[in-house]
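Contents: one structure, followed by commentary.
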Amino acid sequence: MIFDGCRLMAGPALVLLLTWCIATNGALGAPPAPTDVTAEDFPWDDGTNANVRWSFDTAGSDAIQGFRIYRRLTADELAKERVERRVKAAETAFDTSLKSALETATSEATSEEHYFVGDDTPQDRPTKRQAAIDEATKEALKAAAAADGEPLFEFRAIGRAEPDERSFKVTTLARSSSYEFRVTALGIDDSESEAVDAAPVTTRRHAFVGERGFLAAFLFGLCAIIVGAIALARGGFRMKVRRIAGLDALDEAIGRATEMGRPVLFIPGLQDMDNVLTVAGVTILSRVARTAAEYDARLEVPTARSLVMTACRDAVQGAYYAAGRPEAYNPEAIRYITDEQFGYVAYVAGRMVREKPATCIYMGQFYAESLLLSENGNAIHAIQIAGTAETSQLPFFVAACDYTLIGEEFFAASAYLSGEPAQLGSLFGQDIGKMIAVALIVLGVTLATVGAFHVPAAQRAADYLAHTVLKQ
Amino acid sequence: MLQYLSTLDRRVVFLLMGLAVAIPILFPLPLSYKPSVLAQQAFDAIETLPPGSNVVFSFDYDPAASGELQPMANALMYHCGQRKHNLYFMALWAPGAAICSDTIDGILLKRCEGYEYGQNYVELGYQAGLAGVIKIAVTDLRQQFKTDKYGTPLDQIPMMKGIQNLQPMDLLVSVSAGDPGSKEWVQLFVTPFPATKMVTGTTGVQSVSLYTYIPNQIDGMLGAIKGAAEYETIVNAKYPGPDGKPLPELQEGQRRMGPQLTAHLLMVTLIAVGNVVYFMQRKASRRSGHARGAAR
Amino acid sequence: MKRSTIVSIALCVVGGLGLALNALVRPHGFGAKYVHFQEKTYVEADVGPALGEVLETGTQDPNDRRRVWLPINDTLLDRPNVQRTDKAPISWVEEVDITPVDAWARMTGPSGGADVSLSLRNTLGVWVAALFSLAVLSFLWRDNPVYKFAESVIVGVSAAYWVVNAFWSTLVPSLLYPLFPGLTKAWALPGTSGEYEEGAWTRIFPVILGVMLLMRLSRQAGWIAVWPLAFVIGTTAGIKLVSHVQADFLAQISSSVESLIKFDDRGAFDWGRSVGNIVLTVGLLSVLTYFFFSLEHKGVVGRAARLGVWFLMVSFGAAFAFTVMGRITLLSERFEFLFGDWLWLIDPKYVRTVAEAGQSVVSMITSAPR
Amino acid sequence: MKRTVPVIIASAVGFVLVIAFFIPRTQAWGETAVLWFNILAAVAFVLGAGNLIKVQLESISARRPGWGFALVTLVAFFTMFIAGMLKIGVFPAGQYPEHAWSGKFDSAGAPFGWMYNYIFSPITATMFASLAFYVASAAFRAFRAKNVEAILLLGTAFVVLIGNTAMARLTDPLPEYLAFLRLDVLVANLMSYVATGVTRAITIGVAVGVAATSLRILLGIDRPYLGRL
């Protein structure tokens, strides 16, 4: 059980090392102390960290289970600690004494023969209680004095380092304050070496968090790529978008509805216009409406939000105009039903059963209603095309619909249909971002695989990539 | 038969599902579970922390998800309590704060010893702001959390001494049903501040999307009721109740695995039968010469 | 009469008969809630410097005294630095939920059950909860007024729940208190210092933004709500930009840097993990390829994307199964409530353990006619 | 002004938050922005409630079909709202018995807590629970193995559905060299290798997408807050 835990956390090497340590070194005396203990302000941080470093004879590394790092308490902390210790000692002594005195009294009081024998009468109880309190107060006084007499350990253990480590990052310190640290080596049998103190160090706030340097580089690099791609697209460069099967299927499905003389049902999701999925859905609606106008198919759009209804009417009207058939536009086909999820579903499901649309298109943000809608669509043998980025609903759409625009594909389709340079350029920039990810993964995996065949340079490079470049 | 199945009223299916779930509840099935690696990792993350470690425990769900998540919250809290960790409770969902108080009364105060408010557990309660609450709590908790849930200023709570933000926490436990929840904790807390480990309990719906964070960002995860049942098994084996038997509160997850068996069998059967009907119908309609366009 | 009406009436009649039968065969009935009365009495006390401090001459400050209220049986009242004042104690009686089994035990116990009682309020609560649950489930049969009623209620109740929560948990301590510390202390937060904090006046800005946001309710001034909305969206974008690049982009790439070939602790080739890592990496790269939109799916890219779709489908299948598991769990929790807390059909002893619950059902059936 | 100021607000606050992550001196600015954001999030609930009242009142005054239900919603809202805001039936906190307003607004014994326990909880929980029924019916009527993709999806679903229950133990007798075929092991490996790889790819893709969207907002190219009133 314990080994399981270790292995999961620290890797197999450590288990081997520990097992070997335990096997070869039983109980030993105190281990040798670390040397050259220094402390320095942590470079390029927000002023709340410090770095403690030390040296240790590597030959002795096997005999220890690690190092313990201490911090000297500040004068304020010490004073507070002293008072707290005294108060705690006094209170504990008082409570213990009074409790035991009262317990005796209570047991005397409840057992009848003691209660009525001698001078112990009910009237005496307050007096006895007061006596017990006085006695306890005396005990408290003694305990407080005793606590003051004991030397106060001026250091507080703040962390542990592994045997192969030679530095420790102390975090959550106060900014611009002076601190003193000490380090000890910890033997296998929990014995502790002599302590070695470092010179005092003052924390300082720097202009930039150095540990986040690589992150900043990646972040601003990625931003630059996206901005560059958008600029390129606005400058007239034509961005290609690959064929998206679900979009091709749309035209075919609308054509089928015309052939069968049945309506096309379009659901723009359950959310309001502040949701990006709804916006993408409405963009796709423009295209659907345009095709419907060209093919002369009847389009129906029930919505769950009144604002979505307005947006959909705008989009559809525009599409009918663009198709040159403004007279065919019927605003009554685009209706707001209700905000309530199941109320909306009940309406749409009823409508589906009555009208039997030949094609059902679901584009937007969906929750549990994805199931009910696509099931009903299936029951009336409609062609169903769905698109959403809501991952929890994707499996249901994929299983029940003929075509599904999956996640990013949905946004890409919307960007493609909108034709806006900003959208297309951004899509292209994102592609470059993903290609960078692929390149880094391929590089890292190759290095790590080569490293696994005992090529230390490759291993080190893979580690540097994974733990320094990408983690910071 | 084919005709009957193809036109089957879906309320018949509803009835079947109802029975599949109801019968094992009325007549429980005594089943046992082998703990998976993930549940064991979650257990180890809490178990290997030295007693008295600081743990922030976040209730990020509402009653709608408590059927899945309450067994996890119970078992995780009980385990933390047995390990005598210092517990800082908070909630990113408003109902989570109420659920948290109930769980503390039912588990921590009833089944774990030595817990005293302000000394080794504190309820920071709910704050509005969704993921923004995490963002502010990891750098300057007291900006938003002026008081605890009961209106006591944080300065007057002993265990809040020296806690300016969540960075000194050794472990984060998030029981989460969605947004904001585990994903936001990973993004805003344990990734920028990797010194804090993380264990999470999640609903079946979102558990799959969290696998990508294991094991570098999330140390252990309990996914769906199965994760809860496995975790209960491990905890019960190590920390049984006073009479040596598992506690009743720590069997809820296992009890709810009974209906899973029957209901999953029903699901598999329904998919299979549905497809058989579909293909036979398709064959029949092909033979009679009118293929449906929808079938592809 | 329509067939569906007949079915509905029949269901109601059968349900009613079932409830009556359930009440008859059970000695204690069902669907009841019990409470235990707890008297809470608090007394005011005058507290001096802490025990350790007051004992040591010279350290105590005679002015360091405060008034607090303590439970009347608090052992702190015994301490020499704590003195009860002559203010009258304040007391009230609280009701604490207890299980029916505990209640019956107390009622038949030596105290005679003076401190326990059937709680009409909570019993009503259980029935209300059960009937609302059934109302929601009735939607399975068809859309109906009972369901609509439950839906209308929940819309109102949940909106109010969130407002009240936001007010007491966030607006009072984080907005009203910093702006009006004295007033808020006297009214709702007696534990706070009541002193004005440096720079708290800046919280006037969220008040202004909040008022602008509420302007959205008005037709004429609605446009001003765009400002706070822009603030909210800008903040979200700023947070997400960094957090997604760090946690979901770089950290994910970092986690993917794993050797395809794994050796176990003894240096032998580890089949399981090697195959696993290869599958993981191939899946990762092929799905990423599928999401390239500027490359046409032809040739190698096409084949990789096709593989990516397959990987996607396998993972969707798993997600599907986990979602199903979640939904079924929620249903079983609801049935546990209906059968357990309301009808007392399972677990009448409230033991709530798997094995014993099974036994108690058996014993209930065998001894039901009693 | 109606269009420029919001763009400036969104860009400024967004950039402050990005910079605050890297430059310690500006960290406090970022915290202040997030604090205001959180307070606004609380105000948003008030807005939501206001909107609800407005819509319901309109529905009632126009006597739209089903306006009776709008009335029910309003009654439910105000009952819960008044009970919670006035802390009706809430006992004061123990340390401050003189302060009637010091108690917990959601104490279980008070009307607000009662409505939470016996109305809010059961209705929301049952609404989600009823999805189990729809999943079953969809499984029967809609999930078709119509192509390779669907076959893969449903096949995996089969394996995971069965592997997640006690039925997985039926495969326990498989010999050690076939251990990877044991259903529970198979599901565990499926999740930790296949599902992890796929979700990681999706996560990376979404991360880039979110970064691009956020950046467009920061640069004022996308203005989702405009024209959506």
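The values are calculated or read from the model by the stated rules, or taken from the named source; none is laboratory data. Not measured: the values here are computed from a predicted model. Don't worry about glycine lacking a Cβ; one is built from the backbone with ideal geometry, like all the others, and counts go over all protein chains shown. Protein only, heavy atoms only, side chains kept; ligands, DNA and RNA dropped before computing areas. Shrake-Rupley method; radii C 1.70, N 1.55, O 1.52, S 1.80 Å.
A few points about this structure:
- Förster radius 56 Å - calculated FRET efficiency between A:LYS128 and D:ASN147, Cβ distance, rounded to 0.05: 0.05
- Residues along the stretch D:117-132 losing 40 Å² or more of accessible surface when the other protein chains are present rather than the chain by itself (probe 1.4 Å): D:TYR118, D:ILE119, D:PHE120, D:PRO122, D:ILE123, D:ALA125, D:THR126, D:MET127, D:PHE128, D:ALA129, D:LEU131, D:ALA132
- Heavy-atom accessible surface of the stretch C:52-183: percent carbon and sulfur, 1.4 Å: 61
- Cβ crowding within 10 Å averaged over residues, with D:193-199, A:355-361, A:76-82 ranked highest first: D:193-199, A:355-361, A:76-82
- Net charge dipole, the stretch D:17-143: roughly 340 debye, given to the nearest 20, about the Cα centre with Cβ charges of +1 for Lys and Arg and -1 for Asp and Glu.
- The mean accessible area for residues of chain D, using a 1.4 Å probe and ignoring ligands and nucleic acids, is 37 Å² per residue.
- Net charge of Cβ neighbours under 9 Å - reference A:THR48; Lys, Arg +1; Asp, Glu -1: 0
- Surface composition of chain D: carbon plus sulfur atoms contribute 71% of the solvent-accessible area (1.4 Å probe, protein chains only, all chains present).
- Take each residue of peptide C:15-25, count the partner chain Cβ atoms within 10 Å of its Cβ, and average: the result is 0.
- What the stretch B:126-238 shows is 24 Å² of accessible area per residue, with the surface traced by a 1.4 Å probe over protein heavy atoms.
- Hypothetical label at A:THR38: residues of the stretch A:50-80 whose amide nitrogen lies under 11 Å (7 Å Cα-Cβ projection): A:53-55
- Each label point was placed 7 Å from the Cα along the Cα-to-Cβ direction; for D:VAL55 and D:ILE82 their separation is 2.4 nm.
- Phi angles of the stretch B:79-94 translate, via the Karplus equation with coefficients 6.51, -1.76, 1.60 and θ = phi - 60°, into HN-Hα couplings of 5, 4, x, 5, 8, 6, 6, 7, 10, 10, 8, 8, 8, 8, 10, 4 Hz per residue; Gly and Pro are given as x.
- Average accessible area per residue (Å²) across chain C - probe 1.4 Å, nucleic acids and ligands excluded: 45
- 3J(HN,Hα) along the stretch B:237-253, derived from phi through the Karplus expression 6.51 cos²θ - 1.76 cosθ + 1.60 where θ = phi - 60°, amounts to 5, 8, 10, x, x, x, 8, x, 9, x, 6, x, 5, 9, 10, 4, x Hz, with x in place of Gly and Pro.
- Near the amide H of A:VAL264, within less than 5 Å, lie the amide hydrogens of A:ARG298, A:LEU299, A:GLU300, all on another chain or at least 5 residues away, with H placed in the peptide plane.
- Cα gyration tensor shape of chain C, rounded if a/c is under 1.5, else prolate or oblate by comparing a/b with b/c: oblate
- Set of lysines with alpha-carbon distance to D:LYS54 below 30 Å, sequence-local pairs under 8 removed: C:LYS148, D:LYS2, D:LYS87, D:LYS104
- Measuring nothing but protein heavy atoms, the accessible surface of chain B at 1.4 Å probe radius is 58 percent carbon and sulfur.
- Mean separation of Cα contacts under 8 Å, 6 or more apart, over the residue count of chain C: relative contact order %: 13
- Burial here means at least 40 square angstrom less accessible surface with every protein chain in place than with the chain by itself, probed at 1.4 Å; in the stretch A:219-266 the buried residues are A:LEU219, A:LEU222, A:CYS223, A:ILE226, A:LYS240, A:ARG242.
- Alpha-carbon Rg with Dmax, taken over the stretch D:17-64, Å: 18.9, 58
- With a Förster radius of 45 Å applied to the C-beta separation of B:ASP155 and A:ALA217, the computed FRET efficiency comes to 0.65.
- At least 40 Å² accessible surface lost relative to isolated chain, residues of the stretch D:165-182 (1.4 Å probe): D:THR165, D:ALA166, D:MET167, D:ARG169
- Under 17 Å from the Cα of B:LYS149 - aspartates and glutamates, other chains or at least 8 residues apart: B:ASP60, B:ASP102, B:ASP105, B:GLU116, B:GLU123, D:ASP106
- Remark: accessible area buried at the C-B interface is about 4800 Å², both chains counted, probe radius 1.4 Å.
- Interface area, D with C, accessible, probe 1.4 Å, both sides summed, Å² nearest 100: 11100
- Taken one residue at a time, the phi angles of the stretch A:164-169 give Karplus couplings (6.51, -1.76, 1.60, θ = phi - 60°) of 8, 8, 10, 8, 9, 9 Hz. Gly and Pro are set to x.
- Rounded if a/c under 1.5, otherwise prolate or oblate - the stretch A:245-419, Cα gyration tensor axes: rounded
- What the Cα convex hull of the stretch B:16-141 gives, in volume per residue, is 155 Å³.
- Packing around the peptides A:193-200, A:177-184, taken as the average count of other Cβ atoms within 10 Å per residue, puts them in this order, highest first: A:177-184, A:193-200.
- Placed amide H near A:GLN65: partners under 5 Å, 5+ positions off or other chain: A:LEU186, A:GLY187, A:ILE188
- Taking each DSSP H run with n ≥ 4 as -39500 (n - 2.57) and averaging over every residue of the protein assembly as shown yields -17000 deg cm²/dmol at 222 nm.
- For A:LYS471, the lysines whose Cα comes closer than 23 Å to its Cα, not counting residues fewer than 8 places off in the same chain, are A:LYS169, A:LYS434, B:LYS135, B:LYS183, B:LYS197, C:LYS240, C:LYS262.
- For peptide D:45-57, the mean count of partner chain Cβ atoms within 10 Å of a residue's Cβ comes to 6.
- Radius 12 Å from Cβ of C:ARG84, net charge of other residues (Lys, Arg +1; Asp, Glu -1): -2
- Each of B:SER285, A:SER176, B:SER174 has its accessible area taken with a 1.4 Å probe; listed largest first, they run A:SER176, B:SER285, B:SER174.
- Look at the alpha carbon pairs under 8 Å that are at least 6 residues apart: their mean separation over the length of chain D gives a relative contact order of 16 percent.
- Buried surface for the C/A pair, taken as the accessible area of each chain alone minus that of the pair with a 1.4 Å probe, is close to 5400 Å² in total.
- Using the Cβ of A:THR58 as centre and a radius below 10 Å, the other residues enclosed give a net charge of -2, where K and R count +1 and D and E count -1.
- For the segment B:175-184, counting C-beta atoms of other chains within 10 Å of every residue's C-beta and taking the mean gives 1.
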